[in-house]
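For reference, the structure discussed in these notes is given below.
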Amino acid sequence: MDVDIVCVGFGPAVGGFLSTLSKRLVNADGTPVAESAAMPGLPPQVLCYERADDIGFGVSGIVTRARALRASFPEIDQAQISMAAPVGEEKALYLLDPIGASRRSALFRAGDATIRAFKWMLPVEHDALDLPWTPSFLHKTGGLVLSMGQFMQWVGAQVQSVGTVQIWPGAPAAQALIQDSQVVGVRLLDQGVDKQGRPGDGFMPGMDIHAALTVVGDGPVGPIGRQLDARFGLPQAHHLRDWAVGMKFVVDLPQDTPLKAGTVLHTFGFPEPEIFGFFYVHPERVASLGIFVPSWFDSPVRATYRYLQHWMLHPYLWRYLKGGKLRSWGAKTLGESGLRGEPHLAGNGYARIGEGAGATNVLTGSGLDEAWLTGVQLAEAVLELLKAKKPFTKENLEATYVKARRASWLETEGRVAEKSRDGFQKGPLRGMLGMALAGLTQGRLTLASQPLQPWQRLPTIEDYFRGRIAPEQIAKIRADCKAQGVSLHAALMERAGWPAIPYDGQLLVSHQDALLLGGKVQAPPGYADHVFFLYPELCRKCGTKICIEACSGQAIAPGEDGGVPAFDREKCVHCGACLWNCSQPLPDDPERMNIAFGAGTGGLHSAEN
Ligand SMILES: Cc1cc2nc3c(=O)[nH]c(=O)nc-3n(C[C@H](O)[C@H](O)[C@H](O)COP(=O)(O)OP(=O)(O)OC[C@H]3O[C@@H](n4cnc5c(N)ncnc54)[C@H](O)[C@@H]3O)c2cc1C
Ligand code: SF4
Ligand code: SF4
């Protein structure tokens, strides 16, 4: 099929692109702004393919200053967007360890002891220090609390009501079509194949969509973006080494909750010093809350779900959550390389936007507005080129889209943020100091150090638990878990002092229940597996098997094949965490690891995350 513009992914970046473009493809007098090359006589034909089964199945926080969003919708009425609220009270909280199981350095423990000793004169309650001052760059004053799912459904309705562009959910793009060095469109995923991709009954090869411009907005782990990175490389000194796994619950708070819509709580310090948490309150007693497990957290059993439950049980948060009920659950990778992970933003026939194009601000923890702005900037550039009848070449896209991006607040603020998190490579305290330095000096001072891949820094399980669990106990836990076909992290965490989770069937539910009740995870048959292990021999000799421990959906489990894990598509939430949670680099490319994450269907079926 031939169209003029094809978009991959319907996240905030493509939302910004289509919101801007769709309104201006036809002039006020009804004439097209330019003639379609694919269908002469008509306005440019624009299609968007979204992988997930609906357009509101994404996962995010969200609290945002909404600067770019408000510029697109100056009359925005948040009452029209379900779950939206203006930002009210904002707090940053340092959570003390009430259990004694957290892996804290001596400095952290000394700090905790000091806070406890002086709690009579400090704003400490329920084992949390309410930071009396936080730098202004962290504030979202005047912004909005949103649900990603509800927000994207609203954006989708705005875009589709104009009638000039089409959005197709449930349609993953499998690969970019590249001729010489020109991207000429995308190929959709084959249907009617077995798990290995072999044609079966009802085989339908993925359709080729040819387009003069391919807009790549497939997020931080999108297969099309990564294909382009592999083909065209990254700009010199750029790399994708900083990530976090974000996992969240959407919760009905108890009837008598004192929390007002718009309340924003940010936490750090617990369950481990490296783990950040967020708690945002929507209207009608609903809250979005969750944690980020970052790439610099050196645990080889970094089980996000288990840590999320311990975080919820922290006394400061649990007093608000006790009696609440799970509505929805989800997980997704957050690309945290920022500008340093920026790929080539444009090439012949393609442009990159959003988080996969280095837009996220790692200092302010803000990605939605930045992604949106890149989409708007590209749409303005596309309209300019269409009107001037200029082709979508690298040169023309750089002279318009990339130029506008470089001249905007996105670039200025991205430069301030670029090295702001490097301190975390040497520990959480240096990390916080580095962030404060970078923020307060506008990026002039940083605690720079080179980010490493998890496989370069992860200790063995024995080393990580040294002094807490004896190697022979670890060997026994390994053997027991292998016999049961389960991951090690629950047994190891409990042996290291973390209490068992007191399941209540409402909010504290098993990981499987979160998948089924909260995530409503599904995978339609007839598609190939999208997660696979590239070199099985590397898995066979791999000791940590961190892919199993870290999998957000328990979709990767110990396998039958002599140490090669097994993948179950029906549990995969497409978070992408496995991509970087592998302890073995590829022999020919140490920037990549032994797991492949391709285009796939299904996943989460909740529009509230
Ligand atoms: C838990 C969590 C909390 C967050 N909190 C905040 C916050 O409070 N404030 C904030 O500003 N930001 C927050 N972020 C970051 C923010 O969500 C992202 O920066 C933003 O969503 C990026 O938008 P995007 O359009 O670039 O990518 P995405 O939102 O990732 O969208 C990409 C889309 O492409 C689709 N896609 C992927 N592959 C394909 C394919 N092959 N074919 C078709 N479609 C495909 C995906 O399904 C997805 O819908 C958070 C992120 C997470 C994970
Ligand atoms: S995918 Fe990576 S972490 Fe998992 S078993 Fe294989 S080599 Fe080990
Ligand atoms: S297998 Fe699926 S659920 Fe598990 S980490 Fe990978 S993408 Fe996430």
Leu433-Glu75 pseudo-label distance in nm [points 7 Å out on the Cα-to-Cβ vector]: 5.3
Contour minus Cα-Cα distance for Ser449 and Lys482 (0.36 nm per residue): 8.1 nm
Positive-pole candidate from Val521, Pro454, Gln554, dipole of the range 450-554, charges at beta carbon: Pro454
Relative contact order [Cα under 8 Å, 6+ residues apart], the range 61-214, whole percent: 22
Sites excluded, GluC sites (Glu not before Pro) in DSSP loops with at most 12 other C-beta within 10 Å, longest stretch of the chain: 285-609
Distance violations [Cα-Cα > 23 Å] among Lys140/Lys419; Lys248/Lys322; Lys91/Lys119; Lys545/Lys571: none
Relative contact order computed over the chain (Cα-Cα under 8 Å; 6+ residues apart), in percent: 19
Those residues of the range 64-78 whose amide nitrogen sits under 17 Å from the label point placed on Glu284, 7 Å along Cα→Cβ: 78
Inter-site label distance for Asp561 and Gln512 at 7 Å from Cα along Cβ, in nm: 2.5
Accessible area in square angstrom per residue, the chain, 1.4 angstrom probe: 39
Translational diffusion of the chain, µm² s⁻¹ [Kirkwood Rh, Cα pairs; Stokes-Einstein; 20 °C; 1.002 mPa s]: 86
Rounded to the nearest 10 Å², the accessible area of Lys394 at probe 1.4 Å: 70
Listed residues Lys520, Lys482, Lys195, Lys426 arranged by accessible area, highest first, probe 1.4 Å: Lys482, Lys426, Lys195, Lys520
Cβ-placed point charges (K, R +1; D, E -1), dipole of the range 491-586 about Cα centre in debye, nearest 20: 180
Sequence-separation-based contact order of the range 153-235, relative, with Cα cut under 8 Å and 6+ spacing, percent: 22
Shape of the range 478-531, Cα gyration tensor, a/c cut at 1.5: oblate
Theoretical FRET efficiency, 1/(1+(r/R0)^6), r = Cβ-Cβ of Arg466 and Thr31, R0 56 Å, to 0.05: 0.15
The range 311-347 versus the range 429-508: alpha-carbon centroid distance in Å: 17
Carbon + sulfur, % of accessible area of the range 1-109 - ligands and nucleic acids excluded, 1.4 Å: 52
Residue among Leu259, Ile224, Trp243 farthest towards the positive dipole end of the range 223-265, charges placed on Cβ: Ile224
The range 287-426 - percent of accessible surface contributed by carbon and sulfur, probe 1.4 Å: 52
Under 24 Å from Lys394, Cα to Cα: lysines that are on another chain or at least 8 residues apart: Lys403
The range 383-429 - charge dipole about Cα centre, Lys and Arg +1 at Cβ, Asp and Glu -1, debye rounded to 20: 120
Cα lying deepest toward the dipole's positive end in the chain, options Ala404, Phe279, Ala79, charges on Cβ: Phe279
Spherically averaged projected area in nm², based on the convex hull that wraps the Cα atoms of the range 368-448: 6.3
Only Lys, Arg (+1) and Asp, Glu (-1) charged, at Cβ; the chain dipole about Cα centre in debye: 1300
Proportion of all alpha-carbon pairs of the range 36-132 beyond 23 Å (%): 62
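The values are calculated or read from the model by the stated rules, or taken from the named source; none is laboratory data. None of the values given here were measured: they were computed from a predicted structure. Here Cβ is always computed from backbone atoms with ideal geometry, including for glycine, and neighbour counts include all displayed protein chains. Only protein heavy atoms, including side chains, enter the accessible area calculation; ligands, DNA and RNA are left aside. Shrake-Rupley method; radii C 1.70, N 1.55, O 1.52, S 1.80 Å.
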